[in-house]
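To start, the structure under review is shown below, and the notes come after it.
The values are calculated or read from the model by the stated rules, or taken from the named source; none is laboratory data. As the structure is a computational prediction, the values presented were derived from the model and not from experiment. Because the Cβ atoms are built from the backbone with ideal geometry, glycine has one as well, and the counts that use them run over all protein chains shown.
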Amino acid sequence: MAITIRTATPADTGAVDALLQRSYPRLLKADYAPSVLVAAIPDISRAQPALMASGTYYLAMEEGAVLGAGGFTASVQRRGWGNVRHVVTDDRHLRRGIGRALMTHSFARARLAGLEALECWATLTAVPFYEALGFEMVEPMVVQLKGAIDFPAVRMQRTL
């Protein structure tokens, strides 16, 4: 069966929560200390209501199952720029082109929205994925999560 991409809605929140909660611990464990993951996973593995209702967050579907999610939002600080948001692929379905399909769809939609470039705050695990999509590393960074948790990441960007 073929993967299809559709726009997420608030009704998809539970399915995205389940995908994030199941996949992030497995996907990130090779690149983050267990102490960081124990503290960070509850914060990063929740679908964001505003993002689910944004119209620019997408689901990769196969036979009714959500196998991936991701999208973008326009930057409020930088005209013509957007931010890649909350991209995840089901850890049981890696290397099938799901993440690439989501990002290719997002790139096309971002261009239609008038954006010229995208920035992402990549997990250490996702850096090779974003590089394969044409993103360039800008700098290492630390994302401050709830509870003063320091979460290492990499700021990346690409033109559209």
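Details
- Just one of the listed residues (R96, R85) is closer than 25 Å to P25 by Cβ and over 14 Å from the mean Cα position of the chain (by Cα), namely R96.
- Cross-chain or 6+ apart pairs with Cβ under 6 Å, the stretch 137-150 first and among the acidic types (D, E), then at pLDDT 85 or above: E139/R155; D150/V142
- Cβ-Cβ distances below 8 Å connect the following pairs, each with a first residue in the stretch 65-78 that is at pLDDT 95 or above, a second residue that is part of a strand (DSSP E or B) and of a type in the set (D, E, K, R), and a separation of six or more residues or different chains: G70/R85; G71/R85; F72/R85; T73/R85.
- Looking only at residues of the stretch 122-160 that are assigned to a strand (DSSP E or B) and of a type in the set (S, T, N, Q), we find that the one that is surrounded by the most Cβ atoms within 10 Å (Cβ to Cβ) is T123.
- Count of the stretch 9-31 residues which are part of a helix (DSSP H, G or I) and more than 16 Å from the chain's Cα centre (by Cα): 3
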